[in-house]
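Report on the structure given below.
The values are calculated or read from the model by the stated rules, or taken from the named source; none is laboratory data. As the structure is a computational prediction, the values presented were derived from the model and not from experiment. Please note: Cβ atoms are built from the backbone with ideal geometry, for glycine as well, and neighbour counts cover all protein chains shown. With ligands, DNA and RNA removed, areas are computed over all heavy atoms of the protein, side chains included. Shrake-Rupley method; radii C 1.70, N 1.55, O 1.52, S 1.80 Å.
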Amino acid sequence: MLRVGVIGTGVMGAEHARLLRQEVAGATLAAVCDLSADRAAAVAQGARVFTDAQALIDDPQIDALVVASPDATHAGYALACLAAGKPVLCEKPIAATATEALRVVEAEVALGRRLVTVGYMRRFDPAYADMAQTVAAGQIGDPVLLHNIHRNAAAPDWFTGAMSITNSFVHEIDISRWLLGSEPVSAQITAAPGGDPLMITMETDRGQIIATEVYMNAGYGYHVHAQIVGRAGTVEMAAPTLTTVNRAGRHGHAYPDNWVPRFREAYRRQMQAWVDAVGAGRPVGASAWDGYVATAIAEQVAAALPSGAKAALRADPRPGLYA
Ligand code: ISE
């Protein structure tokens, strides 16, 4: 039984703790950690409570960690897990800056084995997985265009600065790379008055176009949608609901309030896959390298926002550990 400690007990930490307690085989929620002992105790439900993350990481009765603390702390905790030789499922983004993200990559490369999984959970979402399979089976021909829509009902209250890019758009960078199997090489970004929504167009090293809307205050609900356009057809997500309703002269479905209900199954599959992979001693999901690329591209897109000019994107070369 893998004894897991969860760092951070906000929205995502609480959900990861619940998954470990109730839904995942082969692991147990051994401890949770938060600066607020009260909040940690509410999520722990009997598991041990820590307020010092380093003490949790170093505890001999903890085998692996989940990091779900604020974004700026992710890289430091990932580095501490690497120093302790313990596997970590670290929420996205892997770091607040590309430089810090690269530090995590370099530490893992120096260690010589992959212990970091970044929580880009969309890779485990049934709809995205089905779209990837459709493309891989050749059903729509060569993919040439990817349309992404990423709408939140309202920006989370902890949003600051360029987080619509560094915290939200990073998902689109990761899932686009994963769906298309190519690397973005240029980006152009336009903002509506007030800075929301954003429209970001990227080109890939295979000449594909990725067009993404990021709308943080769309009002009506949480809505993520993707459509891949190929030379012989298209594939897109159906509405993520089990039922639709006919009522008062209308036909429709409800939208979730936020990403937790929308991606509940993706989070569950990701956690089970991570627990299984740790047990088997193999990597799974987005790597520290994938985390670095998403953060590096986001940083460059954010820097291109004021001018609106098309920016060439760059990333350090991929180390052999991530081949
Ligand atoms: C949040 O942190 C997430 O990861 C969600 O998936 C995303 O939709 C949201 O915009 C982010 O703030």
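Observations, loosely collected:
- Residue list for the range 268-290, restricted to those being touching a residue at least 60 places away in the same chain (Cβ under 8 Å) and among the hydrophobic types (A, V, I, L, M, F, W, C): M271, A273, W274, V275, A277, V278, V284, A286, A288, W289
- Qualifying residue in the range 282-289 (condition: surrounded by fewer than 16 Cβ atoms within 10 Å (Cβ to Cβ) and small (G, A, S)): no
- Of the helices (runs of 4 or more DSSP H) lying entirely inside the range 259-314, those carrying at least 3 residues that are over 17 Å from the mean Cα position of the chain (by Cα) and of a type outside the set (D, E) are 264-280, 288-304.
- Residue within the range 39-54 that is hydroxyl-bearing (S, T, Y), over 21 Å from R282 (Cα atoms) and under 22 Å from the mean Cα position of the chain (by Cα) present: no
- Restricting attention to the range 173-215, the residues being among the β-branched types (V, I, T) and farther than 21 Å from N152 by Cβ number 3.
- Only one of the listed residues (V6, V24) is under 27 Å from I165 (Cα atoms) and not polar (S, T, N, Q). That residue is V6.
- Sub-9 Å Cβ pairs linking a first residue in the range 27-51 that is free of Cβ contacts under 8 Å to residues at least 12 places away in the same chain and open to solvent by 20 Å² or more (accessible area, probe 1.4 Å) to a second residue that is of a type in the set (K, R) and part of a helix (DSSP H, G or I), at least 6 apart or interchain, are G46/R21, ordered by first then second residue.
- Residue count for the range 54-105, restricted to those that are without any contact (Cβ under 8 Å) to a residue 40 or more places away in the chain and hydrophobic (A, V, I, L, M, F, W, C): 10.
- Of all the numbered requirements in (1) free of Cβ contacts under 8 Å to residues at least 40 places away in the same chain; (2) open to solvent by less than 40 Å² (accessible area, probe 1.4 Å), T243 misses one, and that requirement is (2).
- Qualifying residue in the range 251-267 (condition: within 16 Å of the ligand (Cβ to nearest atom), open to solvent by 30 Å² or more (accessible area, probe 1.4 Å), out of contact with any Asp or Glu (no Cβ under 9 Å at 6 or more places or on another chain) and acidic (D, E)): yes
- Candidate set: the range 111-149, residues that are of a type in the set (S, T, Y) and away from the ligand (no atom under 13 Å from the Cβ); chosen: the one farthest from the chain's Cα centre (by Cα): T134
- Members of the range 150-169 found to be more than 8 Å from the ligand (Cβ to nearest atom) and of a type outside the set (D, E, K, R), listed by number: A153, A154, W158, T160, G161, A162, I165, T166, F169
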